1. Hey, any hits in the range 108-131 for a residue that's surrounded by 22 or more Cβ atoms within 10 Å (Cβ to Cβ), under 15 Å from the mean Cα position of the chain (by Cα) and over 26 Å from K56 (Cα atoms)?
2. Any idea which of (1) over 23 Å from E197 (Cβ atoms); (2) in contact with a Ser or Thr (Cβ under 6 Å, 6 or more places away or on another chain) is the one A51 doesn't satisfy?
3. Can you name every residue in the range 1-20 that is aliphatic (A, V, I, L, M) and in a helix (DSSP H, G or I)?
4. Conditions: (1) out of contact with any Ser or Thr (no Cβ under 8 Å at 6 or more places or on another chain); (2) surrounded by 22 or more Cβ atoms within 10 Å (Cβ to Cβ); (3) among the β-branched types (V, I, T). I80 meets all but one. Number of the miss?
5. Considering G180, G191, G173, which residue is loosely packed, with under 14 Cβ neighbours inside 10 Å and either among the aliphatic types (A, V, I, L, M) or out of contact with any Cys (no Cβ under 7 Å at 6 or more places or on another chain) (or both)?
6. Looking at (1) over 30 Å from R117 (Cβ atoms); (2) surrounded by 20 or more Cβ atoms within 10 Å (Cβ to Cβ), can you tell me which one Y88 breaks?
7. Only residues in the range 130-148 that are free of Cβ contacts under 8 Å to residues at least 60 places away in the same chain count as the first member; pair them with residues that are assigned to a loop (DSSP other than H, G, I, E, B) and exposed (fewer than 15 other Cβ atoms within 10 Å of the Cβ), Cβ under 9 angstrom, at least 6 apart or cross-chain, and list the lot.
8. Only one of these conditions is not met by L54: (1) without any contact (Cβ under 8 Å) to a residue 60 or more places away in the chain; (2) surrounded by fewer than 21 Cβ atoms within 10 Å (Cβ to Cβ). Which number is it?
Amino acid sequence: MKSYNTLNKMITAGITAVVRGDTFEEAETIANGCIAGGITSIEVTFTTPDAVRLIKQLSLSYPDITVGAGSVLDSETARIAILNGAEYVVSPCFDKGAAMLCNRYQVPYVPGCMTIREMKEATEYGVSLIKLFPGNQFEPSFIKSVKGPLPHVEVMPTGGVNASNVQQWIENGAAAVGVGSDWNKALKTSGEEGVIEAARNYVNILSN
């Protein structure tokens, strides 16, 4: 039930902000800006310095926000993330150990997959939401192709999703989307206000 509730919140949010920064402060600013802009699912990647501290901080500061961990490569990292407040775990590729660990804690595991075979294997380990990654290698219509043999699989494209194509992904059956690099670009050009505005723009697009 815990895992189902978290997945439902992620799908209801429609968009997960993938937070990656060269410094802790950069990632913190992006996360706060995305939340201020109305995004309710935040994925902190483990490629960010002191990612564990940011996951814990966001979980405590924003109890109504669904905070997860990204770029998780193994079960050890998944466990650290969960014990520090991560409500879901995202990987760039499927890892059996991480999947089993997340099942043990009733935490959704969202692995990156590119093929039907990879998706099938992931579902055999209890995965309900697949990250189509990298999304820029596919057309939005690919999700309809996936839904043919795997109608029960929910797909979240990540990588290459932007404000100009996000609606296409949703219309083709994406359960939600993951967006990352846009926040860094907005921060670089316009500071935290730019991140807030970019987040609001995505929320507005998805609400129409």
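1. Yes, the range 108-131 contains a residue that is surrounded by 22 or more Cβ atoms within 10 Å (Cβ to Cβ), under 15 Å from the mean Cα position of the chain (by Cα) and over 26 Å from K56 (Cα atoms).
2. Going through (1) over 23 Å from E197 (Cβ atoms); (2) in contact with a Ser or Thr (Cβ under 6 Å, 6 or more places away or on another chain) one by one, A51 breaks only (2).
3. L7, M10, I11, A13
4. (2)
5. One residue alone meets the criteria, G191.
6. Failed condition: (1).
7. F133/C93
8. (2)
Read the figures in this text as sums done on the coordinates, not as results from a lab. Since we're looking at a predicted model, the values are computed, not measured. Reconstructed Cβ throughout: ideal geometry from the backbone, glycine too, with neighbour counts over all protein chains shown.
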